[in-house]
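S.K.: The structure under discussion is supplied below as structure tokens; questions concerning it will follow.
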Amino acid sequence: MRIISAINDPRYHFMFSNSTISDTIMETIAHIFRIPGNGKPISTFQLAGRDVMAALENGASQIEEGAGRFTQVAGLKYAFDASAPAGSRIKSVEVLENGAWTPLDPEKTYLAATNNFMRKGGDGYAVFAEKGQNAYDYGPGLEQVVADYLSANRPFTPKLDGRIVALAAAAPADAAPAAPAPAASRAAPSRRRG
């Protein structure tokens, strides 16, 4: 597809098209090429529910720093508390099975898909590389899958559907902890002489 190769080529600063693709779709496709691992194939693999939870915890672990590892999902929905310590931020996870949302079963094995950058441990997703089973790393590229989907589903109308729910906001990464109140009986601080 010419659009895809033009967007992916670093020599291009912008692109012209005489197609009927809307600006929103073009911006979406252009954004996909800025995602780490773009141009990499889609990978499929099996993962236990407990490892799905670990992956989601990884995604929420650096949210206060704006790290790019925050997990976007389809077929899952989850709630997180960004004010909780990293490693204990995910509060609920549900999986879409047979048209209904059901709680994630930590012992069940699920079939997952992502780009092979993440599947091989990129962005801190070591759990995918270490615990993923029966991996197949040779699917089409993410950009091609999205372009094909958008072409087949015109007009595309993005919407929020509650897959990711923030229960509390994170403190800014550079926020200093509050200083303790001075004790009434504490002696005055000594001054350094020199």
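The values are calculated or read from the model by the stated rules, or taken from the named source; none is laboratory data. These numbers were taken from a predicted model, which means no experiment stands behind them. Using ideal geometry, Cβ is built from the backbone for each residue, glycine included, and neighbour counts are taken over all protein chains shown. To get the accessible areas, we keep the full protein, side chains included, count just its heavy atoms, and leave off ligands, DNA and RNA. Shrake-Rupley method; radii C 1.70, N 1.55, O 1.52, S 1.80 Å.
S.K.: Counting just the residues of the stretch 74-102 that are without any contact (Cβ under 8 Å) to a residue 40 or more places away in the chain and part of a loop (DSSP other than H, G, I, E, B), which one comes out most open to solvent (accessible area, probe 1.4 Å)?
M.R.: 98
S.K.: Given the criteria modelled with pLDDT of 90 or more and open to solvent by less than 60 Å² (accessible area, probe 1.4 Å), does residue 9 qualify? If you could, list the steps in order and put the result at the bottom.
M.R.: Values: modelled with pLDDT of 90 or more: no; open to solvent by less than 60 Å² (accessible area, probe 1.4 Å): yes.
Taking the combined requirement at face value, the residue does not satisfy it.
S.K.: Let me spell it out: the conditions are (1) on the phi > 0 side of the Ramachandran plot; (2) open to solvent by 50 Å² or more (accessible area, probe 1.4 Å), and residue 107 meets all of them except one. Which number is the exception?
M.R.: All conditions are met except number (1).
S.K.: While we're looking at this one, here's another question. So, residue 144, is that one in contact with a strand residue (DSSP E or B) (Cβ under 7 Å, 6 or more places away or on another chain) and surrounded by fewer than 18 Cβ atoms within 10 Å (Cβ to Cβ) or not?
M.R.: Values: in contact with a strand residue (DSSP E or B) (Cβ under 7 Å, 6 or more places away or on another chain): no; surrounded by fewer than 18 Cβ atoms within 10 Å (Cβ to Cβ): yes.
So residue 144 does not fit the description; no.
S.K.: Working only within the stretch 122-142, note down all residues that are over 19 Å from residue 71 (Cβ atoms) and among the charged types (D, E, K, R).
M.R.: Across the stretch 122-142, the qualifying residue is only 137.
S.K.: Please enumerate the residues belonging to the stretch 111-137 that are assigned to a strand (DSSP E or B), modelled with pLDDT of 90 or more and under 24 Å from residue 87 (Cβ atoms).
M.R.: Selection gives 133 alone.
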